[in-house]
Amino acid sequence: MTGPRSSDGKEAAATQAPPKRRFGVLLPFVIFAAIAGLFFVALNSGDPSNLPSALIGKPVPQFDLPPLEAADATPGSANDVTSAALGRGKPAVIHFFASWCGPCREEHPDVMALAEALRAQDPDIQFYGINYKDDATAARRFLGGYGDPYTRIGVDRSGRTAIDFGVYGVPEIYVISGDGTVALRHAGPLTRDVVEAKILPLIRNGAASAEAGQRPSEDEPSG
């Protein structure tokens, strides 16, 4: 009697094994689908232009870039586009762009409008363009055809400056306060609403602070 009972037990175990094996085969696919779903929700929730930045309220990253008109020059010349002019009581704007960037072409009319508004408010406000991983000739052609809105243009050939800023992808724009700290980051194409509702109010506040003499000049002692 012992033999048959043992045989029945083995047969029962054999009939239960296939579902476990099928579940084991399907488990990686279930996990992958769950992870993919989480990524999809994360990427499509909220406004991608409001990507957080660890730099908000912190000093602008230091940079020293050759100018676009001398893109092949070695950094360190007197004509370089640098962060040294920032944080001297005037707000500034820094815009990362590239000629190969489709959204950069789409946003360019609004970039031009921003430049005009900045000049109308205060001609001394710096509007830096940082040309990201681009061919200098193509960049100059791009600006020649669409218009050049910038005060100065630096060439970020290696992408190092973009990394320091935490650039997610061009185009991106940053507002720098008069004290040299990052006040705003906007990722993605610029729009008229962003210019009028976010950038220009910050610029006006920064300019007002500078005009009110809240920051000492370079020749005055801070104490």
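The values are calculated or read from the model by the stated rules, or taken from the named source; none is laboratory data. Since the structure is predicted, the reported quantities are computational estimates derived from the model, not experimental observations. Neighbour counts run over all protein chains shown; Cβ positions are idealised from the backbone, glycine included. These accessible areas exclude ligands, DNA and RNA; they are computed on the full protein's heavy atoms, side chains included. Shrake-Rupley method; radii C 1.70, N 1.55, O 1.52, S 1.80 Å.
Rounded, prolate or oblate for the range 113-157? Axes are the square roots of the Cα gyration tensor eigenvalues, ordered a ≥ b ≥ c, and the cut-off for rounded is a/c under 1.5.
oblate
Ordering Asp179, Asp193 by accessible area with a probe of 1.4 Å, largest first, what comes out?
Asp193, Asp179
Work out the charge dipole of the range 48-174 with +1 on the Cβ of Lys and Arg and -1 on the Cβ of Asp and Glu about the Cα centre, then indicate which of Gly166, Ala71, Tyr150 is farthest towards its positive end.
Going by the charge dipole, the pick is Gly166.
Under a plain spin-label model, where a point goes 7 Å from the Cα along Cα-to-Cβ, how far apart in nm are Thr137 and Ala84?
Distance between the two pseudo-spin positions: 3.2 nm.
At a probe radius of 1.4 Å, what is the per-residue accessible area of Arg160, in Å² to the nearest 10?
130 Å²
Quick check: from the Cα gyration tensor, does the range 63-149 come out rounded (a/c under 1.5), prolate or oblate?
oblate
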